[in-house]
Amino acid sequence: MKTLLIARREYLAFVKTVGFWLSLLVLPLLMAGSVFIPLLMSRSGGGEDTRSVAVLDLSGEALTPALQALLNKPDPAVAALHTAAPGVSARQALREMANRRDYRLVPLPPGLTPDMTREAAEARISQLMQSEDRTVDHVIVAFVEKDAPPRLAFHLWSSQTKGKSLEDRLRWDLHALQSAYVARQKGIDPAVAVELREARADIASLTPAIAAAGADEKASFTENLKENGPHFVGVILSYLTWMSIFSSSVILLSGVIEEKSSRVLEVLLTSAPASSLLVGKVLGVFMVMMTVMAVWSTVAGGIFGYGLAFLPPDVMRNVHVLAAEVLKVQNVVPMLMFFVGGYLMYGITFIAIGSFCETQKEAQAIMGPIVVVLMIPMMSLQAALMSPDLPLIRYMSWVPLFTPFLMPLRVLGGAPWWEVLATLAGMGLMAWLMIRLGARAFKQGALGGGKFSWKAMMGLSKA
């Protein structure tokens, strides 16, 4: 009963502060703003972001119509999404996106003609780009480099650094114009050059399940998603577990140091056993963390649900397939147990460390080696992204200190049930040991005023 009262005290102490509510609301506001603010800006901009472009062809290859066609070309990806959009509102939004033009063709400014030299043209363009009353934002200059062999070159002039986006949009299309130019120089049909440039081999990574889907491309993708999707979700969950456990443990550490410096710990220990106070603090911060996660998950779910309205039916079906693979009972229950066990282990360890520290500076000196240990599973996850079946990941997941961070990845990757149970048992034993030693350390550090040292650690092991 005293444990629950202490947990309630810790929880209320956090949620009654202004800082808690500010931190609770900041991330949802950022998530909502990142989605809705660009949408509102795009709807209210009224074409203000459209930039004017002029084309100056000095190559003698009649490239002006081709360059103008490239700027007028709609985005093929947006057009494909528009065709497959599930709802009227989604189709309308995609239609507006497809019809929107970031660049507007304008005539050449005075003083620029196709028969002038490149040096004269670019000197004039440089003057125009520096003028306050310019009538054009970009000028595309096409010319032929007279090297051996000759080749097309394109200079994309801009009034500011915004020219990079124009380059990104046109880069591969300009390369295609160069391929057609080389083909003409060598007496080859330019259409053949385009065909060669766009030719791709059919390459597929197969497993028995994917191969069973046969030639059905959608079924093959679904099987691929079933096999590989949970692995990537597992990596993300492992990172989130690490961040949650580490951040909440630091909160516990800071809280204990503050209460020790104000001698509140001594008062609490006179009315409750050290183990009850220890577990109560951990439980209280855990409830705070669950509150934050519940609010953030609700907001993220709402934004995600809004975004689903714009997804094609095939994409929606794949989202459901991935969710069905991840949210199985045999996956969710072990992952929750690994999270709780890891939180208990590290939370109690950080509280015990905090009871030996008088200031945050002392705690930071002790935290260094612990952070190094915590970084080991995170570094191994980077290798797991490329090779999920690495033996190193499997061996490290048996180490109780690493288990809560690596086993979510293995559970979603189809780890054998006996390994899941065995690693849970090992982590549970370590958590029990941490509670026993942590309670002793907590009482000794809080009441005895001892410092964290090898002698103090040896004393705990003998107690």
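Computed from the coordinates by the stated procedures, all read-outs in this text should not be read as laboratory data. Everything numeric here is computed off the predicted structure, so don't read it as measured data. As a convention, Cβ positions derive from the backbone with ideal geometry for all residues, glycine included, and neighbour counts pool all protein chains shown.
Summary of packing: across the peptides 349-360, 244-255, the per-residue average of other C-beta atoms within 10 Å ranks them, highest first, as 349-360, 244-255. The lysine pair count for the stretch 222-381, using Cα distances under 27 Å and pairs eight or more places apart or on different chains, is 4.
Say R0 is 45 Å: what FRET efficiency, to the nearest 0.05, do Leu196 and Ala323 get from their beta-carbon distance?
0.60
In terms of the mean number of neighbouring beta-carbon atoms within 10 Å, the peptides 190-197, 377-384 order highest first as 377-384, 190-197. The packing ranking of peptides 13-22, 403-412, highest mean first, is 403-412, 13-22, where packing means the average number of other beta carbon atoms within 10 angstrom of each residue.
With coordinates expressed along the principal axes, the C-alpha atoms belonging to the stretch 347-422 extend over 46, 26, 16 Å, beginning with the largest. Neighbours of Val282 by Cβ distance under 15 Å: Lys/Arg scored +1, Asp/Glu scored -1, total +3.
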